[in-house]
1. If you look at just the Cα atoms of region 269-331, how large are its Rg and its Dmax in Å?
2. Treating the angle as unsigned and between 0 and 90°, give the value, to the nearest 10°, between the Cα long axis of helix 231-241 and the longest Cα principal axis of the chain.
3. Taking the chain as the reference, fit the longest principal axis to its C-alpha atoms, fit the long axis of helix 261-272 to the helix C-alpha atoms, and give the angle between the two in degrees, 0 to 90, nearest 10.
4. Please report, in debye to the nearest 20, how large the charge dipole of region 146-305 is about its Cα centre when each Lys and Arg carries +1 at its beta carbon and each Asp and Glu carries -1 there.
5. Can you pull the semi-axes for region 1-114, root of five times each eigenvalue of the Cα gyration tensor, sorted largest first, whole Å?
6. Modelled label-to-label distance, residue 31 and residue 55, 7 Å Cα→beta-carbon offset: nm?
7. Give me the 1.4 Å probe accessible area per residue for region 9-71, excluding ligands and nucleic acids, in Å².
8. Need one value: the accessible area of residue 153 in square angstrom, 1.4 angstrom probe, rounded to the nearest 10.
Amino acid sequence: MPDETSRATRNTRRVVVTGVAGFIGSHLAHALLQNGDTVIGVDRRDPSEDPAAAENLAALLRTPGYLHTHADLLTCAIDPLLLEADAVFHLAGIPGVRSSWGARFTEYVQSNILATQRIMDAATRMRVSRLVVASSSSVYGPTSGGPSIESDHPRPASPYAVTKLAEEQLCLAHAARPDCPTSVTALRYFTVYGPSQRPDMFIHRALHAALTGQPLCLYGDGHQRRDFTYIDDAVRATIAASHAPADTGIVNVGGGSNASLIEVISIAQSLTGKEIQVRTERARNGDVLTTRADPHRAHQALGWQPTTDLPTGMRAQLEALTRHPELTSTA
Ligand code: NAD
Ligand code: UGA
């Protein structure tokens, strides 16, 4: 049984970050350590075999207060990881809309749904008081172009989005049980970008294309719009979610404005001073035309609003990319 006395007498928090070797998880863990929390990070990627994971983890592994576990949440013993934890940030999952069609769907179900069920069961057993879970703007599906509000009827348009909706609802269903000691805040992140963004994502690919001269594949006509959210803003919302009232439920993490892919290409060109060669391909199944958050609940419940605009955030991402060894030889 977890030791409640020890939890109550500590003056620092002990928090668990799943998916810590990933894009959002690694930034979040840094910020939590800076706030003085002890962070237990868990991820199934092995830094000795995965250079991107090693890069994301490098500074964390050198930071006092950080404890790393290399494990798959689908099979590992989760209770010991949650011992005396005050909060769990559950970011582990298989992201990406387009690759969720076909053979990889099993992996999406395993990591996004089955592993989440194990985490939620363990959080309950270990009496962790708060779990923050990473959901996705993709659960809204196609919209008329106006802002999506948390109470909108979800219409997920891809297998990925279906698994993210199942993930958040699974956590909320557990939390709604009268005997559940764990309250859940589900964050619907809107297309997060910034340094160490996943390489399958558009802003990374646009900046990479500008720096290397390699062509950029544009899926569709480039008029798709996204409520792009800078990583530091997303991290601030995530930490605030761990302190929000227990009944907060689902919260959009997006600022309420959006930009088209054509605008992103134009910003990438002006930041780098290089022309991007665009190769147009067919639009991909499951991609929605527009995402845009209604940001009111995030403002009210988390006291959150984003502070980084798209050109500023893309500049920071570009600066990080230009320091990357792979690009310093080809840029
Ligand atoms: P990422 O792929 O960079 O990070 C996810 C991490 O989870 C990876 O390091 C992966 O190894 C780990 N993981 C997956 N399955 C696991 C398992 N079974 N056991 C242990 N570790 C496992 O992705 P990201 O962009 O940082 O996204 C993080 C979370 O946020 C995901 O749940 C994603 O669905 C969600 N999300 C991301 C965005 C975005 O724009 N990046 C937007 C909406 C939602
Ligand atoms: C992103 C993340 O990848 C998802 O994991 C996340 O759940 C989702 O945000 C979210 O907000 O919930 P997405 O909006 O598709 O998904 O972001 P990108 O992968 O950056 O793609 C943005 C747009 O660029 C899409 O229309 C996509 O088709 C297009 N794109 C992407 C291209 O035209 N070319 C590429 O090479 C990559």
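1. Gyration radius and largest Cα-Cα distance of region 269-331: 17.2, 47 Å.
2. Helix 231-241 sits roughly 20 degrees off the main axis of the chain.
3. 80
4. Using only the charged Cβ atoms, the result is roughly 320 debye.
5. Numbers: eigenvalues 138, 60, 26 Å².
Here the semi-axes work out to 26, 17, 11 Å.
6. 2.1
7. Details: 2840 Å² over 63 residues.
Per residue, region 9-71 has 45 Å² of solvent-accessible surface.
8. 140
The values are calculated or read from the model by the stated rules, or taken from the named source; none is laboratory data. Small disclaimer: the values here were computed from a predicted structure and weren't measured. Every residue, glycine among them, receives a Cβ derived from its backbone with ideal geometry; neighbour counts consider all protein chains shown. Just so you know, the surface numbers come from the protein's heavy atoms only, side chains and all, with ligands and any DNA or RNA stripped out. Shrake-Rupley method; radii C 1.70, N 1.55, O 1.52, S 1.80 Å.
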